[in-house]
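Report on the following structure.
The values are calculated or read from the model by the stated rules, or taken from the named source; none is laboratory data. None of the values given here were measured: they were computed from a predicted structure. Neighbour counts run over all protein chains shown; Cβ positions are idealised from the backbone, glycine included. Just so you know, the surface numbers come from the protein's heavy atoms only, side chains and all, with ligands and any DNA or RNA stripped out. Shrake-Rupley method; radii C 1.70, N 1.55, O 1.52, S 1.80 Å.
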Amino acid sequence: MIPRAGLRVGLTGGIASGKSTVASMFAELGAITIDADKVVAHLYQPGNAGHRALVATYGDAIVREDGQIDRARLSAIAFSSADEAKKLNALIHPIVLAEEERMTAELTASREHAIVIVEATLLLEAGGKARYDRIIVVDVPPELQLARAVGRGMIEDEAARRMAHQMARDERLAAADFVIVNSGDREETRRAVGEVYAKLREELVQRALPRAAPEQS
């Protein structure tokens, strides 16, 4: 767990909203960042907990000849319906959360005070709000989100299907303590990140201050 005076922050947003860019900017400022997608990729490797859980649930049909999980085939199954998406999330999220806890403890062991930012697309969908002190949402208009996803090589129908299975934009924004709009240029985003980080640092300082003893009547 994060030290008592530390802050645990969830960073989320829809696909192609620019979460990784924002996370890298927070890292440059001094935050400890954990990329949930990279955690998942590690857990999906042969012999790891995620790989075993997926094969036990979906069978060898999702395994390539080299033993790796066929991510395209798994996505086709998982995003075929809302129920299938929930099934995959319920299977993988507990395993991912356990690994994030292990990583957090390791990364903060030598730091008395730390801001740990966990970047995850489905952070709120998995009920993550209760696990974090603050939630940051990276926001872009849906049409720009779709265009960016296609620009990264995703088929438009696939991108639209994934967006449809994610939390609605207004719900995501309603859950946010901070919103970083990422529809402008990089420097605009960097300024917004700096402003949010300054507020997090201020809160961290306040948490680290000794609490005054209650007055005796």
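Worth a mention:
- Of the peptides 81-89, 117-125, the order by per-residue mean of other Cβ atoms within 10 Å, starting with the highest, comes out as 117-125, 81-89.
- About the Cα centre, charge dipole magnitude for the chain (Lys/Arg +1, Asp/Glu -1 at Cβ), debye: 340 debye
- Residues of type lysines that K38 reaches as a straight line, Cα spacing below 26 Å, ignoring anything fewer than 8 places off in the same chain: K19, K86, K87, K129
- Excluding ligands, DNA and RNA, the accessible surface per residue across segment 1-148 is 45 Å² with a 1.4 Å probe.
- Contour minus Cα-Cα distance for V179 and H113 (0.36 nm per residue): 21.4 nm
- Carbon + sulfur, % of accessible area of the chain - ligands and nucleic acids excluded, 1.4 Å: 52 percent
- If you bin all the Cα-Cα distances of segment 37-107 at 5 Å, starting from zero, the percentages per bin are 3, 16, 27, 26, 15, 7, 4, 1.
- Helix 142-151 vs. the chain, principal-axis angle (Cα, 0 to 90°, nearest 10): 60 degrees
- Along each principal axis, Cα extent of the chain, largest first, Å: 68, 39, 34
- Positive-end ranking of L91, L43, S80 along the dipole of segment 29-113, with charges on Cβ about the Cα centre, is headed by S80.
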